[in-house]
Amino acid sequence: MRLNIVCVAALVTLLGLVVAAALGTGAMTVLVGVGAVVTGAGWVRLQGLTAARAHGVVIALAGIASALVALRLPSAYLTWAGLIAALGLIAVFLIELLRGTGAARRLEALVASSSGVALTALGAGWIGSLRVATEQHAALIGVTAVAAFAAVLMAAVPWPDRMIGPLCVLVATAVAPLVALLVGESGAGTAALLGAVAGLVVATFRRMVLADGGPRTRLGAVAVGVGPVLAAGSAFYGAQLLIAS
């Protein structure tokens, strides 16, 4: 079942986030860059679309460029990520323009590629978070990843969305403060909030994956597992700024 592939890919990415957060910004940059390449390779193939290679290159480059900007300019990350995503979107339109008016499924390709560009560009939020984090906030990256890990395990259960969606949020919300206490992190309330956000992201993308029958290919399933985990980095970055203020 390809939902299992999605969950395994997400779990591996989350585990990588925990390790990268411990190793530092260099490791996190490598992780986000590799995640962008994987997402680019499979995202457009979710629906078996044509011109997948060209769109995949744009999706991957958007993620890599955002990662490098976040590494060098963490305080300006959100501004640059938006600009990079906009340039990626222009590139997607140019690719479809070059394919000609008779090309098949142009609208589907535009929508799929645009969403892929947004996901990989937002992935650099994990790097920005680590660059501006205090030691306390850096620990929260690992705590949030573990909470999302628990939510993904719940998402793998073949139950209806109306049951699994709330359970993903509840499990992640409960796991995050427990993990925070185990690692000596005092901000249990903050961890619970971040856990709830992680659970909501997992539940939302689970519903999206299953809504259209799921990924058509194994590579597409891997991309669905990796891309949303990357994009969650910007949500964490925003939450971190709110906590710091």
Next on the checklist: Ratio of alpha-carbon Rg to the 2.2 N^0.38 Å globular estimate for region 169-245, to two decimals, please.
Outcome noted: 1.28
Item to check | Average Cα contact separation per residue, the chain, under 8 Å, 6 or more apart, as relative contact order % | outcome: 31 percent
Item to check | Listed residues V209, V183, V92, most fluctuating in the chain (Gaussian network, C-alpha, under 10 Å) | outcome: V183
Item to check | Rounded to 10°, Cα long-axis angle of helix 2-23 versus longest principal axis of the chain | outcome: 50 degrees
Checklist entry - Highest GNM mean-square fluctuation, the chain, Cα pairs closer than 10 Å: which of W43, W126, W80? => result W80
Item to check | Accessible area expressed per residue, the chain, with surrounding protein chains retained (probe 1.4 Å, Å²) | outcome: 45 Å²
Item to check | the chain: angle of helix 106-122 to the longest principal axis, Cα-based, in degrees nearest 10 | outcome: 30 degrees
Item to check | Part-to-part distance (alpha-carbon centres) for region 192-227 and region 17-96, which is given in Å | outcome: 18 Å
Checklist entry - Suppose every K and R has +1 on its Cβ and every D and E has -1 on its Cβ; what is the size of the dipole of the chain about the Cα centre, in Debye to the nearest 20? => result 640 debye
Checklist outcome for this item: Tilt, helix 135-155 to longest principal axis of the chain (alpha-carbon atoms), in degrees rounded to tens, equals 60 degrees
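The values are calculated or read from the model by the stated rules, or taken from the named source; none is laboratory data. Bear in mind that the values here come from a model prediction, so they are computed numbers and not experimental data. Please note: Cβ atoms are built from the backbone with ideal geometry, for glycine as well, and neighbour counts cover all protein chains shown. Please note that ligands, DNA and RNA were not included when accessible areas were found on the heavy atoms of the full protein model with its side chains. Shrake-Rupley method; radii C 1.70, N 1.55, O 1.52, S 1.80 Å.
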